[in-house]
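These notes are about the structure you will find just below.
Each reported figure results from applying straightforward, stated rules to the coordinates on display, with no laboratory input. Worth saying up front: this structure is predicted, and the values here are computed from it rather than measured. Note: ideal-geometry Cβ built from the backbone for every residue, glycine included; neighbour counts use all protein chains shown.
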Amino acid sequence: MCSNGNAVGSAANAAQEYMSDSAPFDEMYNADGSVRDPYLELDAWLKEQPAQALKLMSADAEGLFRRLGITFAVYGSNESTERLIPFDIIPRIISAAEWRRLSKGIEQRVRALNAFLHDIYHRQEILKAGRVPEALILQNSAFCPEMMGLDPAKGIYSHIIGVDIVRVGPNDFYVLEDNVRTPSGVSYMLENREAMLHLAPDLFQRHKVAPVETYAENLRRTLESVAPENRQGAPTIAVLTPGIYNSAYFEHSFLADQMGAQLCEGPDLFVEGGKVYMRTTTGPERVDVIYRRIDDDFIDPLTFRPDSLLGVPGLFDAYRAGNVTLVNAPGTGIADDKAVYTYVPEIIEFYLGEKPLLNNVPTYNCTDEEQRNYVLANIEELVVKEVHGSGGYGMLVGPTSTKAMREEFKRRILARPDNYIVQPTLALSTCPTSVKAGIAPRHVDLRPYVLVGDKIRITPGGLTRVALKKGSLVVNSSQGGGTKDTWVLEE
Amino acid sequence: MRMLGRTAANLFWLSRYVERAENMARLLEVGYRMSLTARREGGASEHLVSMLQAAEMDEAFNAKHEVADVATVSHFMLFDEENPSSVRSCLLAARTNARSVRTALTRDVWETINAAWLEFSQIRPRDVTGARLQDVLQWVKQVSNQFRGAMTGTVLRGDGYMFSTIGGYVERADNTARILDMKYYVLLPRATLVGGDVDIQQWTLILRAASAHRSYRHVYHDRYKAANIADYLILRPEMPRSLRFCMIHINRSLDGLSEIYGTRQDCHLAAEEVTAMLVGNTMERIFQHGLHEFLTEFIARNNRVTETLSDSYNFY
């Protein structure tokens, strides 16, 4: 009994220590140390694991990922061009009811954003109605005048979307970014599940976890559903990649493989008579749908950047003629521009006549003097982001910044107020994460993946990114973030 | 779904590079062994130099090094990034090709190549001496064996498999022909000093480089003889590194391609021309014609197979 008592005592201490580091909202433990419902089985399982089990599993996971070549490139790092994104062995769990609410909100957003894109590239009603400032759209570098009046198949612009969501309370979800251009990371969602099934099969047996493996099949169906109508027979699908040195090359090849699509680089494709062909061992073969993982600027040197070696000359004309579908459409970036983001609640109400189901993070506009003064006075509590930045680069997190960094950002904001958006620092939820000293709370976000074609398909869960540094709120892999398998429980 | 011409080219070269890495390891193994057993002053260096000649690396080597010893030669053949045929360059090229065609490979094949490169890049060149050198060479050969095993065991017998197989055998035939050509004079009948120490050493070198020094006895039940050795590595259909064997398998794969695509192409003709040099031929006639001339022509015609294959199937 005595030794039992000690064990309980030390477990209580461990729990206390855990809670002292966790955010106001931890997804596994309530403030009183009790376990939230979706995590009850996980809690029991963790208590059954021998001391070193999690560490061994983590080591196994790393070996597994490296062998499979699941790596990403870090720009500006010369130590090694390929790195692994650390994988955390403890899954993040979302209940069926939570997911229902989330996915409704996500679906609402992507419907509104596609309607917005269609409007912006046609009659521009929302600008005429004065609900979104004209200059913000028409003078935005993400606006693509070449898309005006063009009618993409089924009227869909953004087919593949990754919505970045953070949680700050049991029912408080905020959308950070909509990512409607070419969101990446879905292969990690899929491989994380494979790794988890391999490493902890017994944990799956204790839960009913909604499958994510259907993603590739759903992606294929989505792409087929938006093929040009004038094609003959089953559509030929190609994934267009910048090549093996791109940071997401693994994902490009992975998705092509899973879908049974052709993985092409620019030089593999050519345009003749307004149609797109690939160079095969038996000569040209027509291509109907291109899932392009190349940025707008680079897809066609004749229409966009003339120095691009990655794209296909004439591709945009073939697209305009309706002979090929580009997924996502060029010009979708206008819908996830950080400055346009602040208008998404307006956009939802304007096109759908509904109240937004998911929150936007309140955002300060630095071109407004009053707001700018507030920002400059309170910068240590705020997050500053570059309007066109991504991947966690060019960003200031006030509470964890140094004085020098804050002064630097103040200077930059004053020099170019339109180049920054500023938001309050959100207390991102924490999840239990395997660290050197055992299990500790770390901040997480969530990127669910949405497919828009003949219907809207949302894969249950998505990619959970976790900031592995204690207290850090930056989850990007380029800044030392890791990932977790994300489970949506079925009822 | 039809295959991209680039994919076909990548698969062809993937196998060629793996095969080349293996051949480099074999040659170095022989050079190292011979240098250990050299009994004359300067003999060790001579063996290493003739081995470099066989690999057609002597000029590039001489441009960088003044002395050919085990340390300089093994570093050059294993690790030198500027040597396009070093094991390092071959494994990296193989992995780069494999990465580009990741979707056309099975997981087993990819993992073999990927793991080989990761493991090789962990080796510190200065640790590779003596016994460790032999371990590394053995490991390179195992990688190649494992690659072929993964190909044979897991890859669909479609056009991709055929392109890859042809690449491997074209490289092997080229390598065997070059080794023979380098030492052709010790195989000429008139030069034979029966039982002469020097010749036996040279012959052993040739046979070892082809992993043929033991199996030779099983086939010929005789001591090493020049005519037999040439016959073994040129005409014998059961010897897996002989020119004849390579051509049998190149032709089989080309037949496979013509079945899949429904047409015969220039590369089929080119391979027939190479085959015609071997089928029904005898060593006596080859010696009469001139062994060196024969091998030079073989190498040129074998190159034609690569050229015409590239044209026929839109490699780029």
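Counting only alpha carbon atoms, the long axis of helix A:215-225 and the longest principal axis of chain A meet at about 20°. Between A:Lys208 and A:Gln124, the simple spin-label model (points 7 angstrom out along Cα→Cβ) gives 5.2 nm.
When B:Tyr32, A:Tyr374, A:Tyr449 are sorted by how many other C-beta atoms sit within 10 angstrom of their C-beta, beginning with the fewest, the order is A:Tyr374, B:Tyr32, A:Tyr449.
About the centre of its Cα atoms, chain B shows a dipole size close to 760 debye [charges on the beta carbon of Lys, Arg (+1) and Asp, Glu (-1) only; nearest 20 debye]. Within the shell defined by Cβ-Cβ distances under 9 Å, the residues around A:Ser184 carry a net charge of 0, with Lys and Arg each +1 and Asp and Glu each -1. Report summary: the helix-based calculation at 222 nm, which adds -39500 (n - 2.57) for every DSSP H run with n ≥ 4 and divides by the residues of chain A, gives -10000 deg cm²/dmol.
Taking square-rooted eigenvalues a ≥ b ≥ c of the alpha carbon gyration tensor, is region A:350-491 rounded, prolate or oblate, where a/c under 1.5 means rounded and, failing that, a/b exceeding b/c means prolate? Here region A:350-491 falls in the oblate category. Computed from the C-alpha gyration tensor, the three semi-axes of the ellipsoid equivalent to chain A are 39, 29, 21 Å, from longest to shortest. Remark on A:Lys275: its backbone amide H falls under 5 Å from none of the residues 5 or more positions apart or on other chains, H modelled at 1.01 Å from N. Candidates B:Ala104, A:Gln258, B:Ile229 compared by Cα position along the dipole of the protein assembly as shown: farthest toward the positive end lies B:Ile229, with charges placed on Cβ. Here the Debye sum runs over all C-alpha atoms of chain B as equal scatterers in vacuum, and log10 of I(q)/I(0) at q = 0.15 Å⁻¹ comes out as -1.26.
The amide H of A:Val488, built 1.01 Å from its N in the peptide plane, has A:Ile94, A:Ala210 as neighbours under 5 Å, considering only residues 5 or more places off or on other chains.
The ranking of B:Thr204, A:Thr425 by Cβ neighbour count inside 10 Å, starting from the fewest, reads A:Thr425, B:Thr204. Treating cross-link reach as a plain straight distance, find the lysines whose alpha-carbon is under 21 Å from the alpha-carbon of A:Lys410, omitting any fewer than eight places away in the same chain. Hits, sequence-local ones excluded: A:Lys338, A:Lys385. Taking Cα atoms only, the orientation of helix A:2-21 departs from the longest principal axis of chain A by about 40 degrees. Remark: region B:127-141, residue by residue, has Karplus-estimated 3J(HN,Hα) of 7, 8, 9, x, 4, 5, 4, 5, 4, 5, 5, 4, 4, 4, 5 Hz, where x stands for each Gly or Pro and the curve is 6.51 cos²θ - 1.76 cosθ + 1.60 at θ = phi - 60°.
Bridging of A:Lys436 to lysines at a Cα separation below 28 Å is possible for A:Lys47, A:Lys55, A:Lys469, A:Lys470, A:Lys484, once same-chain residues fewer than 8 apart are set aside. If you take the Cα centroid of region B:31-107 and the Cα centroid of region A:431-470, the two points sit 48 Å apart.
Computed from backbone phi with θ = phi - 60° and the Karplus coefficients 6.51, -1.76 and 1.60, the 3J(HN,Hα) list for region B:250-265 is 5, 5, 4, 5, 5, 4, x, 5, 5, 5, 5, 9, x, 9, 9, 10 Hz; x is used for glycine and proline.
Whole-Hz Karplus values for region A:316-328 come out as 5, 5, 5, 5, 4, 6, x, 9, 8, 9, 9, 10, 6 Hz, taken residue by residue from phi with 6.51 cos²θ - 1.76 cosθ + 1.60 and θ = phi - 60°; glycine and proline positions read x. Residue separation of A:Asp21 and A:Met148 scaled by 0.36 nm, minus their Cα-Cα distance, works out to 40.6 nm of gained length. Against chain A, whose longest principal axis comes from its Cα atoms, helix A:403-415 is set at around 20 degrees. For A:Lys455, a cut-off of 21 angstrom between C-alpha atoms picks up these lysines, skipping any fewer than 8 places away in its own chain: A:Lys104, A:Lys154. Database remark: amide H of A:Asp300 closer than 5 angstrom to the amide H of A:Arg305, A:Val312 (H placed geometrically; neighbours at sequence offset of 5 or more, or on other chains; Pro and chain starts carry no H). The label point for A:Thr367 and the one for B:Ile260, both projected 7 Å from the Cα toward the Cβ, are 5.7 nm apart. I need the shape label for region A:362-424. Rule: rounded when a/c is under 1.5, else prolate if a/b > b/c, else oblate, with a, b, c from the alpha carbon gyration tensor. Rounded, because the longest to shortest axis ratio a/c is under 1.5.
Helical runs (DSSP H, four residues minimum) scored at -39500 (n - 2.57) apiece and divided by the length of chain B put the mean residue ellipticity at 222 nm at -23500 deg cm²/dmol. Dipole check for region B:1-155: with +1 at the C-beta of Lys and Arg, -1 at the C-beta of Asp and Glu, and the Cα centre as origin, the magnitude is about 700 Debye. Over all other residues within a Cβ to Cβ distance under 13 Å of B:Asn83, the charged ones net out to -3, with Lys and Arg as +1 and Asp and Glu as -1. Label sites at B:Gln138 and B:Arg217, each approximated as a point 7 angstrom past Cα along Cα to Cβ, lie 2.0 nm apart.
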